[in-house]
Amino acid sequence: MCANCYGSREQSTGWKRRDLMRAAVGGAALLALPACETTTNPETGRGQFILVSDEQMAQAALQAWAQVRQQTPAWNNRSAQQRLERVGLRVAQGAGRGGQQWEFQLFDSPQKNAFVLPGNKVGFYRGLFEMSERDDWMATVLGHEVGHVTGRHAAERYSREMATQTALQVAGTQISSRAAMAALGLGAQVGLSLPFSREQESEADVLGINYMQAAGYDPRQAIPFWSAMNAGGGSRPPEFLSTHPDPANRIERIRGYINQRGWGPV
Ligand SMILES: [Zn+2]
C-alpha cells in the first residue's frame, strides 16, 4: 500500500525506504493520523505523499504568519496594497480559487522576495513590489505563490519531514510520545525554515504561468521579469532565487513551456 509513497527522487537519508515507511506508518498510527497516503493532485496529476489536511496546515501556519508579521514591519501604502490585492485576487481566480479567502500582506523590506503560507497567506516585500513595474510581473510572482498552494507543497514537504523524523525516532532505542509529538510538532517552521524542493519550485513556475494566463495576464512577461530578477542580484542572487533552480535553466524551462502551450513565441 505504501510502496509508492516515496519516489526515487527522494534524497537519500541513509535510511532504507522500507524502514522509513514502516516507521512513518508506525508513528502515524501512534497519533491516530491517517496511515501512509498517496493522493493524486488534480492540478498536476502527480501522486503525493501527504499525511495532513489543508485545514490542519492552515491552522498550523497561523502561528508562523503571526510571527512574521510581528518581526517584519508592514508597508502601509494604500495604493500599493490595493494593487497587490487586485492582481492577487485575479490570479487566484485564474487558478479557480477565487471563492477562497486570501490575505495579501506588504512588508517594508528591500528584499526582492515573496512567500506563501498554508491558508492562502501571501507575503510580498517592498523591494519586489518596487521592481514589479508591470502587473504582469506581479502576476508572475503571485501565480508562482498560488501554485505552491494548489500544488499542496507545504503539506507534502511537511509530510516528508514528519516521516523522516519519525523514522529517526523509531530507529533510536525507543519512541516516546513526547519525541513523537516533537517530530510531529507543527509550528513556526511550517512554510518558512523548510525550503521547497526544486521539483516543487519548477511545478509552481508552470502552475503560475497557467494561472496568470487564465487571469488574462501576459505569460510572456514572465521572461523579462525573471531576467530582471537575475540582473538585479549582482554577485549574490536575490533571496527569492536562492532556493530556486538555477536561474538560467529556469528561464529556459519557462520559455519552453510558454512556447509549448502556444502562448509565445517568446
Ligand atoms: Zn517558490
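Points worth noting:
- For Phe107, the residues 5 or more places off, or on other chains, whose built amide H falls under 5 Å of its own are Trp75, Phe124, Tyr125, Arg126.
- Most to least packed among 120-133, 96-109 [average Cβ atoms within 10 Å]: 120-133, 96-109
A short reminder: the numbers here are calculations on the coordinates, not readings from a lab. Quantities reported herein were computed from a predicted structural model and do not represent experimental measurements. Cβ coordinates were reconstructed from backbone atoms using ideal geometry, including for glycine residues, and neighbour counts include every protein chain displayed.
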